[in-house]
Amino acid sequence: MTKYIQLLKLSWQNGFVYRTSLFMWRFRQFLSSVMSLTVWTVIYTSQSSVLGYDQTQMITYIFLSAFLQSCILATALNSLSGRVYSGEISAQLVKPISLFGYLAIEDVADKLRNIFFILIETSLLYLIFIPTIPLPTLLNGALFVLAVLMGAVMNFIINLLFGAIGFWSPDTWGPKFMFFIMVEFTAGKLFPLDILPPILEKLLYLTPFPYFSFVQTQIFLGRLDSVQIFWQLASLAGWIVGLYLVTRWIWQRGLRDYAAAGQ
Amino acid sequence: MPQPVISVSHLSKHFKVHKKQPGLWGSVQSLWNREYQEVKAVDDISFEINEGETIGFIGQNGAGKTTTLKVLSGLLYPSAGQVSVLGFDPWKRQPEFQKQFALVMGQKNQLWWDLPPIETFELNKAIYELSDKEYKRTLNTLVELLDVGDVLNIQVRKLSLGQRMKCELIAALLHTPKVLFLDEPTIGLDVLMQKALRDFIKDYNKKFNATIILTSHYMDDVKEICDRALVIDHGQKIFDGQLKKLIDSYARNKILSLIFTKPVTQKKLAEFGEVKAADQLSATLLVPRAQATKMASKLLSQLPVQDLNIEEPPIEAIIREVFETKADQTHD
């Protein structure tokens with residue numbers, strides 16, 4: 001366990017080396033939230049409810065989306081396939097440490113750093129907009145935290161899956177780009193998914209995308225009853241197990257074909 | 001009889017590589033029609049290495065040296081054959097095995113680029129589960145031997161190549177591995193730094209009775225560190241034995257360096273052997289090894305020789321000879 005704690009410390013420190021990039025990136029995230037909040041605040045000056053969401057719920061939704069973007073979707077593993085293809089992972093493969101564990105810690109460090117900043121940013125946004133944020137019940141709060149953790153795990157596994165492409169090809173941008181586009185429109189980052197036609201919304205629930213942030217917001221806002229929450233979490237768990245089994249199998253195949261390039 | 005710590009039997013490693021036709025049209029064609037060819041990086045190699053031995057893998061670029069090291073360290077899955085290192089199958093990557101060896105690649109960086117080397121050392125301490133006492137003792141010894149005490153807290157990316165290589169070695173040796181794979185450890189270093197690293201590697205071998213396998217393009221590395229050479233060409237082993245035996249088998253000539261008291265003509269010199277270089281008062285002759293002593297005494301008696309030296313040809317020339325002989329045999 002000590003090795004993972006030490007690795008977490010190092011990954012955390014490493015993320016603070018390029019301060020300008022870090023602050024600019026966070027500033028971009030902050031501006032994006034300011035813009036969304038401003039647009040929705042203006043929309044609600046003329047009407048009390050839009051697409052079934054009142055102002056309080058929508059503003060809370062925007063706050064939550066920004067938070068979930070940093071906790072679930074942001075990842076340190078975007079360049080994993082490149083690291084596999086270039087042979088960079090060899091340094092970890094020859095050491096007595098699990099590679100998945102190593103990558104998971106890198107990702108956790110990245111997320112902790114994000115949470116650190118998002119707390120500061122959220123406080124600033126709160127001071128600017130003074131929104132009313134309805135807090136969930138204790139049970140829903142706990143289920144929300146669980147769903148966030150599970151969403152982060154699923155995103156980690158999907159990133160491992162994309163990383164495995166590096167065993168055979170450096171050409172990962174195409175599939176990754178498709179994935180980003182899908183996430184952009186179907187995870188609930190831009191708009192709540194329940195404003196879509198019911199058939200489309202149902203189809204989306206056959207994919208893992210709503211579990212990247214939409215389902216979590218619905219639990220927080222109390223828009224799902226306990227049975228619905230149970231089934232959503234069960235589906236999410238199913239995705240995690242299924243994707244993990246596929247990922248493990250592909251990595252086992254990939255490591256057999258691994259060329260440990262670099263010399 | 002000592003038990004081998006490394007045992008390799010009929011090892012092969014083949015890669016499938018994409019063969020692209022040249023030019024723009026070739027790129028377009030490769031979208032729907034890809035040709036692959038199989039490259040035999042290592043082809044049916046067998047050898048055994050005993051504890052404490054220092055082995056130099058010698059071969060041209062692409063001969064299969066690094067691939068063999070990567071198989072031995074568990075990075076590559078062998079296409080065929082059996083490999084055992086310290087009684088383990090390297091491919092299984094068991095932690096008990098990984099705690100007993102280290103792989104250092106001169107062109108790869110295992111140190112955290114943006115942090116000082118001491119941070120990577122601390123991480124390796126945790127990864128290899130070293131006690132505080134063990135870690136401090138080894139670190140102090142290594143830092144002192146390699147004289148890098150003043151750079152431990154400087155970001156890796158700001159270190160010189162030599163300082164970085166020394167720190168790479170420390171990171172790899174903190175757990176005092178029994179087997180050490182060194183792939184081009186002195187590449188790009190100046191001569192002084194090369195010597196410092198060679199001396200250090202020799203010391204490490206003596207101190208810990210570690211088994212060391214080294215690949216290098218610098219023959220001096222092999223000559224100074226290794227007592228056994230394994231020559232690989234096109235994935236196949238073409239020589240395995242003591243360096244001295246390699247020299248005896250493949251060095252056909254000896255070099256006679258002469259200084260004269262009076263000028264001697266080239267025509268006269270040619271009667272004794274092949275003239276490699278000559279001016280009026282000095283000359284370098286190549287003579288068959290078996291006749292070197294006889295020819296030396298003949299030179300001393302027949303020419304105005306002030307000084308005479310008999311030398312082995314440089315090891316690079318011998319290795320060239322090995323590959324040329326192999327190529328000739330292949331063509332025959």
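The values are calculated or read from the model by the stated rules, or taken from the named source; none is laboratory data. Note that this is a predicted model, so its numbers are computed, not measured. Using ideal geometry, Cβ is built from the backbone for each residue, glycine included, and neighbour counts are taken over all protein chains shown. These accessible areas exclude ligands, DNA and RNA; they are computed on the full protein's heavy atoms, side chains included. Shrake-Rupley method; radii C 1.70, N 1.55, O 1.52, S 1.80 Å.
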- Note on the structure: In degrees rounded to 10, the 0-90 angle between helix A:226-257 Cα long axis and the longest Cα principal axis of chain A is 20
- Picking from A:PHE23, B:LEU230, A:LEU221, whose Cα lies most toward the positive end of the charge dipole for the protein assembly as shown (charges on Cβ: Lys, Arg +1; Asp, Glu -1)? B:LEU230
- Query: What does the charge dipole of segment B:252-311 about its Cα centre add up to, to the nearest 20 debye, if the Cβ of each Lys and Arg holds +1 and the Cβ of each Asp and Glu holds -1?
  - Reply: 200
- The size of the Cβ-based charge dipole (Lys, Arg +1; Asp, Glu -1) of segment B:207-332 about the Cα centre, to the nearest 20 debye, is 440
- Task: Report ³J(HN,Hα) in whole Hz for each residue of segment B:149-154, in order, from the Karplus equation J = 6.51 cos²θ - 1.76 cosθ + 1.60 where θ = phi - 60°; Gly and Pro get x.
- Result: x, 8, 10, 4, 10, 9
- Using a 10 Å cut-off on Cβ to Cβ distances, tally the other chain neighbours for every residue of B:241-254 and report the average as a whole number. 0
- Query: Say the cut-off is 26 Å between C-alpha atoms; which of A:LYS3/B:LYS195; B:LYS40/B:LYS70; B:LYS65/B:LYS125; A:LYS176/B:LYS65 go over it?
  - Reply: A:LYS3/B:LYS195; B:LYS65/B:LYS125; A:LYS176/B:LYS65
- Message: I'd like the distance separating the alpha-carbon centroids of segment A:28-49 and segment A:154-193, in whole Å.
- Response: 28
- Note on the structure: Here the FRET efficiency for B:GLU274 versus B:HIS10, based on Cβ atoms and R0 = 35 Å and rounded to 0.05, is 0.25
- Task: List, in order, the whole-Hz ³J(HN,Hα) value for each residue of segment B:237-245 obtained from phi through the Karplus relation with A = 6.51, B = -1.76, C = 1.60 and θ = phi - 60°; use x for Gly and Pro.
- Result: 7, 10, 7, 8, x, 5, 4, 4, 5
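Taking a 1.4 Å probe, which of B:LEU269, A:LEU224 shows the most accessible area, and what order do the others take after it?
The ranking, largest first, comes out as A:LEU224, B:LEU269.
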- Can you list the lysines whose alpha carbon sits under 18 Å from that of B:LYS262, skipping same-chain ones fewer than 8 residues off? B:LYS298
- Could you tell me whether segment B:22-134 comes out rounded, prolate or oblate from its Cα gyration tensor? Rule is a ≥ b ≥ c as square roots of the eigenvalues, rounded for a/c under 1.5, then prolate if a/b exceeds b/c, otherwise oblate. oblate
- Against the longest principal axis of chain A, how steep is helix A:19-46, in degrees 0 to 90 to the nearest 10, with axes from Cα atoms? 30
- Note on the structure: With a ≥ b ≥ c from the Cα gyration tensor eigenvalues, square-rooted, and the rule rounded for a/c under 1.5, otherwise prolate when a/b > b/c and oblate otherwise, segment B:179-222 is oblate
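Counting Lys and Arg as +1 and Asp and Glu as -1, each charge on the Cβ, what is the dipole of segment B:6-248 about the Cα centre in debye, to the nearest 20? Show your work: numbers first, answer last.
Details: 31 positive and 31 negative charges, 93 e Å.
Charge dipole, segment B:6-248, about its Cα centre: 440 debye, nearest 20.
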- Output row, site A:THR45, 7 Å Cα→C-beta label point, backbone N cut-off 18 Å, window segment A:126-149, residues A:128-132
- Message: Name the residue from B:HIS217, B:ALA296, B:GLY56 whose Cα lies farthest towards the positive end of the charge dipole of chain B, charges +1 on Cβ of Lys and Arg and -1 on Cβ of Asp and Glu.
- Response: B:ALA296
- Task: Please give the helix B:161-173 orientation as an angle from the longest Cα principal axis of chain B, in degrees from 0 to 90, rounded to the nearest 10.
- Result: 60
- Query: So what's the gap between the Cα centers of segment B:209-283 and segment B:29-102, to the nearest angstrom?
  - Reply: 30
- Phi to ³J(HN,Hα) by Karplus 6.51 cos²θ - 1.76 cosθ + 1.60 over segment A:164-171, Hz, x for Gly, Pro: 5, 4, x, 5, 10, 7, x, 8
- Among A:SER98, A:SER46, A:SER169, residue whose mean-square fluctuation peaks in a GNM of chain A (springs only between Cα atoms under 10 Å): A:SER46
